[in-house]
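Asker: Dropping the structure in here first, questions after.
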Amino acid sequence: MIHQKYVDDYITAYKMGAIKLNKERIMLMNYLEKYVLNNDNLYFDEERINDYITFTEKWFFPTVMYQRFLAAFIFLYDSTTDDVYYDEHFWVVGRGAGKNGTISSLSAFLISQLNGIAGYNGSIVANSEDQAKTSITEIYDTVETNPVLKSSFNANKSQTEGLATHSIVKYQTSNGKTKDGLRDGFVVFDEIHQYQDDSGVSVYESGLGKRPQSRQFELGSDGYVRDGYLDNKKEIALQVMQGELPPDTMFPFWCKLDSEDEIDDESMWEKANPMLSKPLTSYGKTLFRKIKKDYLKLQSEPSKREEFLTKRMNLPLIDLEKSVAPYEQVKATNKPIPMDKLEGREAIGSLDFASLRDFAACGLTFKMDGKVYFVSHQFARKKFVDKYYGYSANPSDRPRNAAPIGEWEEQGLMTILDTETIAPEKVVNWFVAMREKYSIKKIVIDNFRADVLRKFFVDAGFELDVINNPTAIDGLLAPRIEDGFAANKFIWGDNPLLRWNTQNVLVTIDSKGNKKYGKKEERRRKTDGFKAFEYGEYRVDDLNDFDPEESLEFLNGLDF
């Protein structure tokens, strides 16, 4: 067996119960003891390990146990080749675990005289220039504030050179089209959860191997891209730890919760973020307080739960398609609307009129006593509802599970028009009638039908607020809508049509965590009423939450 102090310390801490590890890191411990630490051809370069730790703690930050453990395997060598044993390091840690600080200190060390390899250039690669520059900027700031380092490094905000080795580390973006011919000694791929595939990294990988002791580091927290670069690396990591690939294929350090239930046990959070393992440093204590605050916010802002699980706890949703809200929360909108109290109040009008040939949904949004009320009405063409829902057929002849259009019509929730199209005048006239009772500030519509409808609304004396990019507001409004449902903030009256619309919405999440409202089925499962509700939410903050009659009574009571 081969031994190294920092490796032994970490393994002993786990076995003694001093730290908690997730199942993937437990697999790592078993794999190391079975395939690596019992290989007498391997050795740890103690001088480089200690030099790196000393260098980091003197110039950058105090290290913690897991960082020292990782450092040891960076400088693990094979005596039969005199080369590094691991040329690929895969680290997935929760947000705030000190990833960028590690990149900074390690990059500076590797180009320095302490590493001692001439021309050992490095690239720090990320999807965005700002992210890629993070560590380069940190190295620059560290060098500029320490005169001793200035004698060893020539640093600016785009690159840093180790003067003794003539080695340069610079930032790059994952667009590697013009990077052929690189001769890097090391490459750091940062924020790998954003990579859709390996097309942005293959050029950099091909540049390795031309210098001695070449290494690549793949770092990040988890994200929303599924079946991409990160998920592929996870599969390789599992195969390595299960003995299905050669032991030196990759060094995998993968931190995460083992189950969603563990989110509610703060003692388990260190499974995802090793910076939270005891004893906590001052940074670790600050980080824990920040994570705890984020967790407590989930009680009032459940829309942040997915991000907390994904970024903080490295436990992303596998199914990135979902409904707007659990049906129990949608049903909770079924509370009486106090129409008499809303009379005279300000309202935001909204309209979804995607097609002249099927459905159109109108609505009014009100604020009162901390609640949001939505009064709506929809129009549909008879030929459309006959075709898809058997509207005119005998109940026994209707398609199975067809929407009960006739019942909703009888309830006054919608109007069926026996015309070739839904005339714009119909929807405009509904708002005109509503204006006799309510103060409609403006009417929000999307840009798809704005040109057709504008003249009709303007002629009727309404102000239009056109949403130029309806898809973009989905991501903006999704947290507000999700939190509003969870808090039972929305009141729609007994409106099964609107509840049906809402349940027909398919929420998808893109690679950046933004949500988009689509349809679970394109033709039959209509979402128009929900979209009208969403458009009202877009401008709900323009409304004042006060009773006009109370304001008048207050003014009449003043002695001018």
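Asker: Which GluC sites (Glu not before Pro) does the stretch 241-316 hold that lie in a coil by DSSP with at most 12 other beta carbons within 10 Å?
Answerer: Passing sites in the stretch 241-316 are 244.
Asker: Full extension from residue 357 to residue 40: what is 0.36 nm times the residue separation minus their Cα-Cα distance, to one decimal in nm?
Answerer: Length gained between residue 357 and residue 40: 106.5 nm.
Asker: For the chain, give me the percentage of DSSP beta bridges that are antiparallel, rounded to the nearest 5 percent.
Answerer: Taking every DSSP beta bridge with both residues in the chain, the antiparallel ones total about 50 percent.
Asker: Testing the spin-label approximation: label points 7 Å from Cα along Cα→Cβ at residue 12 and residue 410. State their distance in nm.
Answerer: Each label point is offset 7 Å from its Cα along the Cβ direction, giving 8.0 nm.
Asker: Then there's this: How much net charge surrounds residue 475 when only other residues with a Cβ under 9 Å from its Cβ are counted (Lys, Arg +1; Asp, Glu -1)?
Answerer: Cβ neighbours under 9 Å give a net charge of +1.
Asker: Scattering from the C-alpha atoms of the stretch 327-542 alone, worked out with Debye: what is log10 I(q)/I(0) at q = 0.09, 0.14, 0.15 1/Å?
Answerer: So the normalised log intensities are -0.34, -0.85, -0.99.
Asker: Please go through the stretch 452-553 and write out the chymotrypsin sites (Phe, Trp or Tyr not before Pro) that DSSP classes as loop and that have at most 14 other C-beta atoms within 10 Å.
Answerer: 546
Asker: Moving on. Once you have the Cα-Cα distance between residue 129 and residue 249, take 0.36 nm times their residue separation minus that, and quote the gain in nm to one decimal.
Answerer: Stretched fully, the residue 129-residue 249 segment lengthens by 40.3 nm.
Asker: If you don't mind, another one. To the nearest 0.05, how large is the calculated FRET efficiency for residue 331 and residue 258 if R₀ is 35 Å and r is the Cβ-Cβ distance?
Answerer: After rounding to 0.05, the efficiency reads 0.55.
Asker: Stretched out fully, how many nm does the piece from residue 439 to residue 210 gain, at 0.36 nm a residue minus the Cα gap?
Answerer: Net length gain for the segment: 75.2 nm.
Asker: If I model a spin label as a point 7 Å beyond the Cα along the Cα-Cβ vector, how far apart are those points for residue 156 and residue 3 in nm?
Answerer: Using points 7 Å along Cα→Cβ, the separation is 5.0 nm.
Asker: Here's something else I'd like to know. Under the classification rounded if a/c is under 1.5, otherwise prolate if a/b is larger than b/c and oblate if not, where does the stretch 5-294 fall, given a ≥ b ≥ c as square roots of the Cα gyration tensor eigenvalues?
Answerer: The shape class here is rounded.
Asker: Cα extents of the chain along the three principal axes, largest first, in whole Å?
Answerer: Per principal axis, max minus min of the Cα coordinates gives 85, 70, 50 Å.
Asker: Another question about this same structure. Filter the GluC sites (Glu not before Pro) in the stretch 421-506 to those in DSSP coil with at most 12 other Cβ atoms within 10 Å of their Cβ, and list the result.
Answerer: The qualifying sites are 436, 463.
The numbers here are math on the coordinates, done by the rules we state, and not lab data. From a predicted model like this one, the values you see are computed outputs, not experimental measurements. Every residue, glycine among them, receives a Cβ derived from its backbone with ideal geometry; neighbour counts consider all protein chains shown.
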